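Presented below is the structure to which this report refers.
The values are calculated or read from the model by the stated rules, or taken from the named source; none is laboratory data. Quick caveat: nothing in here was measured; it's all calculated off a predicted structure. Note: ideal-geometry Cβ built from the backbone for every residue, glycine included; neighbour counts use all protein chains shown. Surface areas here come from the heavy atoms of the whole protein model, side chains and all, with no ligands, DNA or RNA. Shrake-Rupley method; radii C 1.70, N 1.55, O 1.52, S 1.80 Å.
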Amino acid sequence: MADRQPLTARRVTEAAAAVADRGGLTAVSMRNVGAELGVEAMSLYHHVANKAALLDGLADWVFEQFALPPVDSAWREAIAVRSASVRSVLTTHPWALGLVDSRSNPGPASLRHYDAVIGCLLRGGFSIATAARAFSVIDAYVYGFALTERNLPFDSASGANDFAATVTLPTEEYPHLAALVTSVTATDEYSFAAEFEVGLGIILDGLERQLG
């Protein structure tokens, strides 16, 4: 049965996100989004100008899902909260990785997010220049971790041990890599996913030293 709720730009964007969740970003088209809503593609043009505008709105929708740094927390804790949220969203919606920073027409949610992160760092004592560098370094790590996590051949939370156990390495040829694999298989507690907080802590330690 066709969806009888009135169309809005918000509903169109949410439908695009649902299409992308199922089929990836390449599946997002006016036709497919229309089908998701139970309407003809032409009906969407009353709410979005074209596919480019649809993707702009979808990118802004992703930024809406990112938690803003809490204003009542110290900069380090606030950035940690925000970074964990970004990683969670990018893991939940893998298609977002290639979209959020590729659009040349940022929406209000993305601008609000950038402004909040810079503001958090400025309140923490960073200059404009060092805040910009810190933001870049943090996001390079967060986005890179999410990309690696998405492409791992095992479950990032609990599958590293089983995967490592299948890897056979000549110790004399690859001594250091073999030692790493042995270390991973020797414990039941290793989790690649848990390494996110460890790596982020190292980056924040370095930024804290820069402030000093």
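Given charges of +1 on the Cβ of Lys and Arg and -1 on the Cβ of Asp and Glu, with all other atoms neutral, how large is the dipole of the chain about its Cα centre, in debye to the nearest 20? Don't skip to the answer; put the middle values down first.
Numbers: 15 positive and 24 negative charges, 188 e Å.
The dipole magnitude comes to about 900 debye.
Using a probe of 1.4 angstrom, how much of the accessible area of segment 47-188 is carbon and sulfur, in percent? The partial results should precede the final answer.
On the way: 4270 of 7350 Å².
Accessible surface attributable to carbon and sulfur in segment 47-188 totals 58 percent.
Just tell me, in residue order, which DSSP H segments of the chain are both 27 angstrom or longer along the helix axis (alpha-carbon based) and at least -1.0 in mean Kyte-Doolittle hydropathy.
Working: long enough: 128-151 (34 Å, 0.54).
Length and hydropathy pass: 128-151.
Roughly speaking, what is the centre-to-centre gap between segment 11-54 and segment 172-212 when only Cα atoms are used, to the nearest Å?
If we compute the Cα centre of each part, the gap is 41 Å.
If each DSSP helix of 4+ residues adds -39,500 (n - 2.57) and the sum is divided by the residues in the chain, what number results at 222 nm, nearest 500 deg cm²/dmol? Kindly include the intermediate steps, with their values, before the conclusion.
Numbers: 9 runs with 130 residues, N = 212.
Computed ellipticity for the chain at 222 nm equals -20000 deg cm²/dmol.
What is the sum of charges, Lys and Arg at +1 and Asp and Glu at -1, for the other residues whose Cβ falls under 14 Å from the Cβ of G212?
Details: positive: R76, R209; negative: D205, E208.
Net charge around G212: 0.
Among N32, L121, T171, whose Cα lies farthest out toward the positive end of the dipole of the chain, if unit charges sit on the beta carbon of Lys, Arg (+1) and Asp, Glu (-1)?
The one lying farthest along the dipole's positive direction is N32.
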